[in-house]
Amino acid sequence: MRHSTTPHRGRTGVNREPVRAATNRRLLRVCFYAPQGSLAGVRSFAVVQGWRAGEWYTDEYPWSTCAARPGWGLVRQAVKSGWVDGVVVPARCVVSPSWSEYAEQLAWFEERLAFIAVVAEGLR
């Protein structure tokens, strides 16, 4: 069986990902974003999904807009650069407590064929 070496979204060289022979799909790479002290369960969620775990990003709180948080900016840069396919968060409100801002973030990720995986809807 041949394995594809076609880079995803124009990446080359060391950024190529192995292809799963059984499903002919590339392993999804994710990073993590959470407030300090709330990282429990987030990594295990990604492992159960079969995703390749990457960097952790966090910001100090109180809440601010996504644009004002340096850690969230690094998440978006990792997606934009093609280093990850998505981000895993412990709850939707970690991205933004505002539904409209959360929807804006989802749209931004969608435009880049990326995703936000929410582990639980608990933190409100």
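Some points to look at:
- Put simply, of L39, L123 the only residue that is in contact with a helix residue (DSSP H, G or I) (Cβ under 7 Å, 6 or more places away or on another chain), modelled with pLDDT under 90 and open to solvent by 40 Å² or more (accessible area, probe 1.4 Å) is L123.
This table checks each residue for (1) at pLDDT 90 or above; (2) in contact with a strand residue (DSSP E or B) (Cβ under 8 Å, 6 or more places away or on another chain); (3) among the small types (G, A, S).
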site	(1), (2), (3)
R43	no, yes, no
R52	yes, yes, no
W56	yes, yes, no
T65	no, no, no
R69	no, no, no
W72	yes, yes, no
V75	yes, yes, no
K80	yes, no, no
P97	no, no, no
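- Test: A46 is surrounded by 20 or more Cβ atoms within 10 Å (Cβ to Cβ), of a type in the set (A, V, I, L, M), under 13 Å from the mean Cα position of the chain (by Cα) and over 18 Å from V119 (Cβ atoms): no
- Pairs linking a residue in region 90-109 that is closer than 18 Å to P70 by Cα and assigned to a helix (DSSP H, G or I) to a residue that is basic (K, R) and open to solvent by 10 Å² or more (accessible area, probe 1.4 Å), with Cβ atoms under 7 Å and 6 or more positions apart or on different chains, are C93/R124; Y102/R92.
- Residue satisfying condition, being part of a helix (DSSP H, G or I) and under 25 Å from L27 (Cα atoms), within set L113, L74: L74
The values are calculated or read from the model by the stated rules, or taken from the named source; none is laboratory data. What you are looking at is a predicted structure, and each value in this text was computed from that prediction instead of being measured. Backbone-built Cβ (ideal geometry, glycine too); neighbour counts: all protein chains shown. Each accessible area value is taken on the protein alone, full model and side chains, heavy atoms only, with ligands, DNA and RNA left out. Shrake-Rupley method; radii C 1.70, N 1.55, O 1.52, S 1.80 Å.
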